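Engineer: To start, I am sharing the structure in question, which I have written as structure tokens.
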Amino acid sequence: MPEQFPADLIHRLRTGDFKLFELIFNTYWEELYTYAAKVTGSEEDAQDIIQDLFTSIWERREKLELHTHIRYYLFSAVRKQILCKFRDDGLKEKHLEKFITHSELRSELTLSSLIHKDLLNQLQQDLQHLPEKERQVFEWYHFDELSIREIAMMHGTAEQTVRNQLGNAYKKARPLLNRLLMFL
């Protein structure tokens, strides 16, 4: 797991070090673009999202607060912009399932990477309403970032059982996640 972004680099970015900004852009833009294009299903929307993100970072560089690694910060910011776009386009409900279940991007979609601790706390409180096994599988998968195989081995069940429990948790948690999306 990458560590927190070094303070000296944050300081350089805040003071307008364009070469550092350019290095960050060149390092992450393609990965962010690919991610945004897969989730939105639109290369044009992905390009706009990434361009808006980096423009916003440069314009806000003097006030920029990074409490995690830059990669996590950027992916979190892209996720937030994608969700805002879905909400603004009236497609939130249609794309929510696609956004949550996009399996090859699972590690990038973990709820543990949410920046807003209060939203995460609210989600954890709401998850207490799920049946115990479904809640536990959901938490292991998203918060502890365990694979389905690892969960099945820990749980002593078949992988398909874990998939079913996770699917049931998604169905039951969807109203909770929708409520959280309204706050983004």
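The values are calculated or read from the model by the stated rules, or taken from the named source; none is laboratory data. Predicted model, so just to flag it, every value in this text is computed and none were measured. Positions of Cβ are generated from backbone atoms using ideal geometry, with glycine treated the same way; all protein chains shown enter the neighbour counts.
Engineer: Looking at the stretch 45-68 only, could you name the residues that are more than 17 Å from the chain's Cα centre (by Cα) and in a loop (DSSP other than H, G, I, E, B)?
Structural biologist: Scanning the stretch 45-68 gives 60, 64, 65.
Engineer: Which condition does residue 12 not pass, out of (1) touching a helix residue (DSSP H, G or I) at 6+ places or on another chain (Cβ under 9 Å); (2) part of a helix (DSSP H, G or I); (3) closer than 29 Å to residue 144 by Cα, if it passes all the others?
Structural biologist: Checking residue 12 against (1) touching a helix residue (DSSP H, G or I) at 6+ places or on another chain (Cβ under 9 Å); (2) part of a helix (DSSP H, G or I); (3) closer than 29 Å to residue 144 by Cα, the one that fails is (3).
Engineer: Consider residue 106 against the criteria (1) modelled with pLDDT of 65 or more; (2) of a type outside the set (A, V, I, L, M, F, W, C); (3) surrounded by fewer than 16 Cβ atoms within 10 Å (Cβ to Cβ): it satisfies all of them except one. Which criterion is unmet?
Structural biologist: If we test residue 106 against (1) modelled with pLDDT of 65 or more; (2) of a type outside the set (A, V, I, L, M, F, W, C); (3) surrounded by fewer than 16 Cβ atoms within 10 Å (Cβ to Cβ), just (1) comes out false.
Engineer: Restricting the search to the stretch 74-103, which residues are aromatic (Phe, Trp, Tyr) and at pLDDT 85 or above?
Structural biologist: First, the residues of the stretch 74-103 that are aromatic (Phe, Trp, Tyr): 75, 86, 99.
Result: 75, single match.
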